[in-house]
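Every read-out reported here was derived from the displayed coordinates using simple, explicitly stated rules and does not represent laboratory data. Predicted, not measured: the structure shown is a model, and the values here were computed from it.
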Ligand SMILES: [Zn+2]
């Protein structure tokens, strides 16, 4: 099993940046219920939920990839089943991508 891990707390800054939110905590912890616009808050929460799913997907993809120790080339699950060698340099020293837990990192996002 591979897991993609996302933490709302650890990735608050990334989420704020992505969704253009000034303060994520303001959405999650509503103190002044009477003066809050609940329809906006609901919408924001759905956006955050969607982004978290995308982030978990990205992390999971990384958890499934195999990395060549020699040249740092990473390749997907399907490719790694076909061969025991790096498709780029032919080295057999591979870091298998299965059975590991990968925490989301902004740098692993395919968008960047
Ligand atoms: Zn290689």
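A few remarks follow.
- Computed lengthening from residue 51 to residue 36, 0.36 nm per intervening residue step minus Cα-Cα distance: 3.1 nm
- Stretched out straight at 0.36 nm per residue, the stretch from residue 12 to residue 89 would grow longer than its current Cα-Cα span by 23.9 nm.
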